[in-house]
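Throughout, read-outs are computed from the coordinates displayed, never taken from laboratory work. Since the structure is predicted, the reported quantities are computational estimates derived from the model, not experimental observations. Here Cβ is always computed from backbone atoms with ideal geometry, including for glycine, and neighbour counts include all displayed protein chains.
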Amino acid sequence: MAIAESQLGYHTDPARSYCNKYSAYWGAGTACAHGLRSEEWCADFAAWVWRKGGAQFTYGYTSSDLNAASGSFYLWALAHGTWHPVTSGYTPQPGDAAVYGLDPTSGTAAHVAIVTGYATGARGPDVVNGDGDRTGFSVVEAGTDQYKADTPGSSAPLSGYASPIAPKQAHP
């Protein structure tokens with residue numbers, strides 16, 4: 001997905017902080033210098049990508065809203081009928097949100113990333129991670145065949161996919 005890929009290399013400012021523009025876009029987290037906001041931001045990044053791509057959702061804190069919690073993508077998708085467990089046989093589509101380390105009982109998850117592609121036979125999708133840690137601290141980076149979360153010290157497996165809802169098209 002071009003919107004997510006256009007952000008590759010973005011990193012927090014200052015380095016080794018969570019101060020980022022995606023949380024600032026939503027007014028989430030605590031204030032930093034230069035108008036940025038600080039919090040772990042993989043879900044804020046994924047929501048930002050969806051919004052820039054035209055997806056319809058509310059950013060807020062009810063069970064059917066998206067927010068800074070990775071698990072909000074699972075809860076939102078359940079409420080809107082777009083959740084696809086990894087065991088369902090669903091082929092992820094560019095723009096889907098891949099959810100990792102889901103605890104469905106509590107609605108929490110370890111990480112979320114934006115799907116950019118999927119190779120037949122792969123264990124996981126190709127993704128763009130906001131707040132990734134493989135190439136540096138708190139950076140937007142790409143991952144291929146990502147079947148585990150791109151989070152430090154975590155082995156959170158891929159749990160499933162949330163598909164966005166596109167805006168309704170007007171008919172002439």
For this session: Could you compute the FRET efficiency for T91 and F137, with r as their C-beta to C-beta distance and R0 at 30 Å, rounded to 0.05?
Result: 0.40
Exercise. In terms of the Cα gyration tensor, with a ≥ b ≥ c the square roots of its eigenvalues, is the stretch 1-145 rounded because a/c is under 1.5, prolate because a/b exceeds b/c, or oblate?
Worked result: oblate
Exercise. Roughly what % antiparallel, to the nearest 5, for the DSSP beta bridges in the chain?
Worked result: 95 percent
Exercise. Got a sec to turn the phi values of the stretch 136-144 into Karplus ³J(HN,Hα) couplings, 6.51 cos²θ - 1.76 cosθ + 1.60 with θ = phi - 60°, whole Hz, x for Gly and Pro?
Worked result: x, 8, 6, 9, 8, 9, 9, x, 10
Seminar exercise, completed: Of the candidates G89, Q7, A122, the farthest towards the positive dipole end of the stretch 1-122 (Lys/Arg Cβ +1, Asp/Glu Cβ -1, centred on the Cα centre) is Q7
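Sort 35-46, 155-166, 77-88 by packing, meaning the average of other beta carbons within 10 Å per residue, with the highest value first. Show your work: numbers first, answer last.
On the way: 35-46: 23.2, 155-166: 19.3, 77-88: 15.1.
Put in order of decreasing packing, that is 35-46, 155-166, 77-88.
Counting Lys and Arg as +1 and Asp and Glu as -1, each charge on the Cβ, what is the dipole of the chain about the Cα centre in debye, to the nearest 20?
Details: 9 positive and 14 negative charges, 53 e Å.
Dipole about the Cα centre, nearest 20: 260 debye.
At 222 nm, what value in deg cm²/dmol follows for the chain if DSSP H runs of at least 4 each add -39500 (n - 2.57) and the sum is divided by all its residues, to the nearest 500?
Details: 4 runs with 31 residues, N = 172.
So the helix-based figure for the chain works out to -5000 deg cm²/dmol.
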Exercise. Residue by residue through the stretch 75-88, which ³J(HN,Hα) values in whole Hz follow from phi under the Karplus form 6.51 cos²θ - 1.76 cosθ + 1.60 (θ = phi - 60°), with glycine and proline marked x?
Worked result: 4, 4, 5, 4, 5, 10, x, 10, 7, 10, x, 4, 7, 7
Seminar exercise, completed: Mean Cβ-within-10 Å packing, highest first, puts peptides 113-124, 140-151 in the order 140-151, 113-124
Exercise. So between A79 and Q56, what do we pick up on full extension, going 0.36 nm a residue minus the alpha carbon distance?
Worked result: 7.0 nm
